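What follows draws every value from the coordinates through simple rules; no lab data is involved. The model shown is predicted, which means the values in this text are computed figures rather than measured ones. Every residue, glycine as well, gets a Cβ built from its backbone with ideal geometry; the counts of neighbours run over all protein chains shown.
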Amino acid sequence: MRLSIVTFMHPGAEPRGHSLDRIANYARRIEAAGFPGIWVTDSLGRGRATLEPMVALSALAAVTKRVELGTAVLQVSLRHPIDLAHRVQSVQALSGNRLRLGVGSGSTQADFDLFGADYSQRFRTLMASLDIMRRTWRGDTVNGGALTPWPGSEGGPPILLGAWRNPRWITYAARHCQGWIASGLYSSWEDLENGMRIYREAGGANAVLANVVVDLNNRPEPGSLAERARVSLVCLPDDARPRLKRIEQIGFDEVLLISPASALDELERARDYL
């Protein structure tokens with residue numbers, strides 16, 4: 001089981017105009033520490049400043065050389081599929097095909113309200129958009145025109161579908177995508193076990209558990225992400241080992257760890273426990 005890192009693209013304590021320095025330094029440290037991947041999240045309209053995922057990954061691609069780069073998960077239903085396909089292909093090309101595209105329908109009404117998008121149709125929009133994006137990456141004619149694929153990036157990146165507990169979407173991930181992404185924030189242990197059974201029975205071969213919060217001091221602030229996480233490493237070190245083993249025994253191929261404070265030393269300690 002691989003352990004990679006998710007990073008929130010939120011403002012830090014750096015002086016204004018120096019966010020890139022902090023983000024680039026963290027990415028270089030993650031790569032130097034030997035983690036296999038860096039993933040970013042996607043949110044907007046939730047009362048805090050964030051960076052657009054494809055823009056953020058372009059910056060990470062420029063300052064790293066080996067680590068895989070991923071989204072966990074990109075809200076496809078909020079974007080125009082042709083424009084998104086072009087931006088995704090651009091990151092894929094600039095990163096040397098290191099991109100792994102985790103996608104989802106979106107889960108937060110506020111994001112859709114900001115776009116003026118129909119939240120009730122998000123699943124239908126996701127399926128239609130994925131079909132258009134795949135056709136676009138092949139160079140097929142779409143809407144009377146075609147996007148010429150960047151050499152070496154034809155066909156697009158691997159697509160992993162985020163689905164917390166719905167059997168229909170977990171099965172779709174197994175049969176039509178290159179992976180399934182579950183959530184440590186929103187899924188219970190029982191959800192993960194049931195989801196894995198569905199995924200494997202449908203032929204799925206690449207299961208990823210995203211957003212597993214790490215706080216080995218077990219001192220989450222009230223109302224914080226660490227306190228709200230349902231499956232996490234918010235615990236003392238002696239409890240972290242069996243939790244990681246349980247995740248491994250459930251059958252996950254990769255776990256995406258996150259430290260809200262970007263404490264890389266804690267993430268390395270968690271990796272060492274496995």
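Values for this structure:
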item: Spin-label proximity, Glu14 to the range 40-66 - amide N less than 20 Å from point 7 Å beyond Cα toward beta carbon; result: 40-43, 48-66
item: Stretch gain in nm, segment Ala128-Leu274, where the contour uses 0.36 nm per residue and the Cα spacing is subtracted; result: 48.6 nm
item: C-alpha long axis of helix 81-94 to longest principal axis of the chain, angle in °; result: 60 degrees
item: Separation in nanometres of the label points that stand 7 Å from Cα toward Cβ, at Gln249 and Ala93; result: 4.9 nm
item: Whether the range 9-168 is rounded, prolate or oblate, judged on the alpha carbon gyration tensor where a/c under 1.5 counts as rounded; result: oblate
item: Residues Trp164, Trp180, Trp169, Trp189 arranged by fewest to most Cβ contacts within 10 Å; result: Trp189, Trp164, Trp169, Trp180
item: Nearest-ten-degree value, helix 189-201 long axis tilted from longest Cα axis of the chain; result: 40 degrees
item: Likely footprinting exposure, Glu190, Glu248, Glu68, fewest C-beta neighbours within 10 Å first; result: Glu190, Glu248, Glu68
item: Of all DSSP beta bridges in the range 2-273, antiparallel share, percent nearest 5; result: 5 percent
item: Two-site label geometry, Ser188 and Asn143: point separation in nm, points 7 Å out along Cα→Cβ; result: 4.3 nm
item: Alpha carbon centroid spacing (whole Å) that separates the range 139-180 from the range 1-34; result: 27 Å
item: Fewest-first sequence of Ile38, Ile159 by Cβ atoms within 10 Å of each Cβ; result: Ile159, Ile38
item: Alpha carbon centroid spacing (whole Å) that separates the range 46-88 from the range 99-120; result: 14 Å
item: Correct option for Rg and Dmax of the Cα atoms in Å [calculated from the coordinates] among [x] 20.4, 62; [y] 18.2, 60; [z] 23.9, 80; result: [y]
item: Simple Cβ-charge dipole of the range 2-273, Lys/Arg +1 and Asp/Glu -1, about Cα centre, in debye nearest 20; result: 380 debye
item: Sorted peptide list for 216-227, 81-92, criterion being average Cβ within 10 angstrom, highest first; result: 81-92, 216-227
item: Crossing angle, helix 264-273 versus the chain [Cα axis fit, 0-90 degrees, rounded to tens]; result: 80 degrees
item: Theoretical gain in end-to-end length, Arg66 to Glu227 [0.36 nm per residue, Cα-Cα removed]; result: 54.7 nm
item: Helix-derived mean residue ellipticity, 222 nm - over the chain, DSSP H n ≥ 4, -39500 (n - 2.57), to 500; result: -12500 deg cm²/dmol
item: Fully extended contour minus Cα-Cα distance, from Gln121 to Ala32, at 0.36 nm per residue; result: 27.8 nm
